[in-house]
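Participant: My structure is below; once you've seen it, I'll send some questions.
The values are calculated or read from the model by the stated rules, or taken from the named source; none is laboratory data. No experiment lies behind these values; they were computed from the predicted model shown. Here the Cβ is made from the backbone with ideal geometry for all residues, glycine too, and neighbour counts use every protein chain on show. The area values use the complete protein model at the heavy-atom level, side chains included, leaving out ligands, DNA and RNA. Shrake-Rupley method; radii C 1.70, N 1.55, O 1.52, S 1.80 Å.
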Amino acid sequence: MADFVLAIDQGTTSTRAIVFDGAYRNRGSGQMELRQHFPRPGWVEHDANEIWRSVAQTVRNALADAAITAREVSAIGITNQRETVVVWDRATGEPIHNAVVWQDRRTAGICERLREEGAEALVSERTGLIVDPYFSATKLAWILDHVEGARARAQRGDLAFGTVDSWLVYKLTGGRRHVTCATNASRTMLCDIERLEWDEDLLRLFDVPRAVLPQILDNIAAFGETDPSIFGASIPIRGAAGDQQAATLGQACFAPGMMKATYGTGCFALLNTGAERVSSRSRLLSTLAYRIDGRTTYALEGSIFIAGAAVQWLRDGLGLIERAEQSGQLAAEADPEERVYLVPAFTGLGAPWWDAQARGSIHGLTRNTGPAELARAALEAVCFQTRDLLDAMRADWDAEKRTILRVDGGMVASDWTMQRLADILDAPVDRPILLESTALGAAWLAGCGAGVWPGQEGFAAEWKLDRRFEPQIGQGERGRLLAGWREAVDRTLTRRPNC
Ligand SMILES: Nc1ncnc2c1ncn2[C@@H]1O[C@H](COP(=O)(O)OP(=O)(O)O)[C@@H](O)[C@H]1O
Ligand SMILES: O=P(O)(O)OC[C@H](O)CO
């Protein structure tokens, strides 16, 4: 059997497919941008059929690029933007509404009401999440309430709900399978993350009929076989995971205490807490890292909404740079005596603050402040926000452990930012050679499931360091930097966090 494994990475802004060989080398890939629909302020939608077409096309392109046929692929692994909701008609396979994307805030009012009614305790106990429009449940209920006749059809069992993994498995298998993986289920706000079952109390709370829900599978499982008409031969789908969990796997963060952070447009950090489900006192999410062989591994997760997006703002908003990679060089020219802080709350602040109303601010401007100081402030903001997440994680779980952070995503190409990150965290930052962690994680699930790739230990042994960034500044300087950042955040928040 060939050891080629195909990863489908269906992200928020683009869809990618990568063929990996048994040495985890990228042997061919395809990528397509996805159109973003903003029907009203705060609303974000995707066309679910376009998502599917982009997957089918990028897989074909990746196979062609690798010069192999579907017959030579041992297995497919799927990873996806999480929380995004698709509802389709079981008879026709047609979505009844555009996919409502994780960023969509249309159900903010519903969440506010649920919080006022005291739903937070139940939601947090069963799901490890906080009541927020980010997650799937209220988006699903919204579709059922706003598409004519949908609720009655859902109750009759005529409609199916899925996160993007579920939708793709359904399409790939020619409509034969309606399943989801445990990590995606854990983000719906409908799943009990200890029993790994849909929860009756939550279904009642969010008014979701059980008949629309998919079956929950482990991250390595028999998800189905692709319909032979799609790629010319049937390929088994052996793995699936939400994209941040897949990156955790791709970074081989299998041991408790290991942590990864992915720096793309935003940043998502996950700390493996092992078999222990940690309830956060700092408003981090307590979520699934993965579920393999019927055993659940948990994680604490923190999300930063603006990471690389701050660099895009320097480029597109301020015109200070032409290309993202110039940001580090510009930041290095900043006057060390100038202390300028940017709090990039462009769309509110995520964990651990969760202040949706906060907006971005700049502190410490003087007549000497110029492009270099602003570039440094934008890159440092990503580092300070990561420090806030790390502090929250340490407060929640085993403060004694020395954390090593494994990083990936577009921003980690910047040596300046990675060094600053290590300085501000006061912890080493490890950048691997292979930066395709998300796709690799999905491929590993599938390759391991198909028996053509090694298990956790063998895979972890192959994780290779490109460069370790060690902290280089003293405690005094770090303390001054952090104090300045905390003051800037304090002045930006619109409400005090309840932690
Ligand atoms: N050398 C660099 N220095 C700083 N930021 C960078 C660099 N290269 C890319 N970025 C930032 O990384 C982001 C792209 O990363 P990527 O992982 O592709 O994101 P996404 O998957 O969210 O689209 C962009 O926001 C870009 O501004
Ligand atoms: O598609 P990405 O990489 O922006 O990731 C989105 C996250 O899964 C949302 O929770």
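Participant: Looking only at residues that are away from ligand 2 (no atom under 16 Å from the Cβ) and open to solvent by less than 10 Å² (accessible area, probe 1.4 Å) in the range 2-27, which one is farthest from Gly77 (Cα to Cα)?
Facilitator: Asp21
Participant: Somewhere in the range 376-393, is a residue open to solvent by 10 Å² or more (accessible area, probe 1.4 Å), touching a strand residue (DSSP E or B) at 6+ places or on another chain (Cβ under 8 Å), within 16 Å of ligand 1 (Cβ to nearest atom) and farther than 21 Å from Gly484 by Cα?
Facilitator: no
Participant: Tell me the residue from Ala275, Ala332, Ala358, Ala324 that is aliphatic (A, V, I, L, M), open to solvent by less than 20 Å² (accessible area, probe 1.4 Å) and outside the structural domain of Ser14 (by TED's automatic domain parsing), please.
Facilitator: Just one listed residue meets the conditions, Ala358.
Participant: Within the group Trp43, Trp52, which residue is among the aromatic types (Phe, Trp, Tyr), under 20 Å from the mean Cα position of the chain (by Cα) and surrounded by fewer than 16 Cβ atoms within 10 Å (Cβ to Cβ)?
Facilitator: Trp43
Participant: What are the residues in the range 315-360 that are among the polar types (S, T, N, Q) and modelled with pLDDT of 95 or more, if any?
Facilitator: Gln326, Ser327, Gln329
Participant: So Gly30 fits all but one of (1) open to solvent by less than 20 Å² (accessible area, probe 1.4 Å); (2) within 16 Å of ligand 2 (Cβ to nearest atom); what number is the exception?
Facilitator: (2)
Participant: Would you point out which residue out of Ala121, Ala154, Ala108 is buried (at least 18 other Cβ atoms within 10 Å of the Cβ) and not β-branched (Val, Ile, Thr)?
Facilitator: Among Ala121, Ala154, Ala108, only Ala154 is buried (at least 18 other Cβ atoms within 10 Å of the Cβ) and not β-branched (Val, Ile, Thr).
Participant: Does the range 287-299 contain any residue that is open to solvent by less than 10 Å² (accessible area, probe 1.4 Å) and closer than 28 Å to Ala483 by Cα?
Facilitator: Checked the range 287-299: no residue is open to solvent by less than 10 Å² (accessible area, probe 1.4 Å) and closer than 28 Å to Ala483 by Cα.
Participant: Quick check: anything in the range 434-441 within 16 Å of ligand 2 (Cβ to nearest atom) and surrounded by fewer than 24 Cβ atoms within 10 Å (Cβ to Cβ)?
Facilitator: Looking for residues that are within 16 Å of ligand 2 (Cβ to nearest atom) and surrounded by fewer than 24 Cβ atoms within 10 Å (Cβ to Cβ), one finds at least one in the range 434-441, hence yes.
Participant: Could I ask something else about it? Kindly list the number of the only condition in (1) open to solvent by 10 Å² or more (accessible area, probe 1.4 Å); (2) hydroxyl-bearing (Ser, Thr, Tyr); (3) within 16 Å of ligand 2 (Cβ to nearest atom) that fails for Ser166.
Facilitator: Of the numbered conditions (1) open to solvent by 10 Å² or more (accessible area, probe 1.4 Å); (2) hydroxyl-bearing (Ser, Thr, Tyr); (3) within 16 Å of ligand 2 (Cβ to nearest atom), the odd one out for Ser166 is (1).
Participant: Related question: Scanning for something modelled with pLDDT under 95 and in contact with a His (Cβ under 7 Å, 6 or more places away or on another chain), does the range 2-20 turn up at least one residue?
Facilitator: no
Participant: Select from the range 179-207 the residues that are in a loop (DSSP other than H, G, I, E, B), in contact (Cβ under 8 Å) with a residue 60 or more places away in the chain and open to solvent by 10 Å² or more (accessible area, probe 1.4 Å) and list them in ascending order.
Facilitator: Glu194, Leu196, Asp207
Participant: Next question. Among the candidates Ala307, Ala331, single out the residue that is closer than 22 Å to Leu435 by Cα and aliphatic (A, V, I, L, M).
Facilitator: Matching residue, one of Ala307, Ala331: Ala307.
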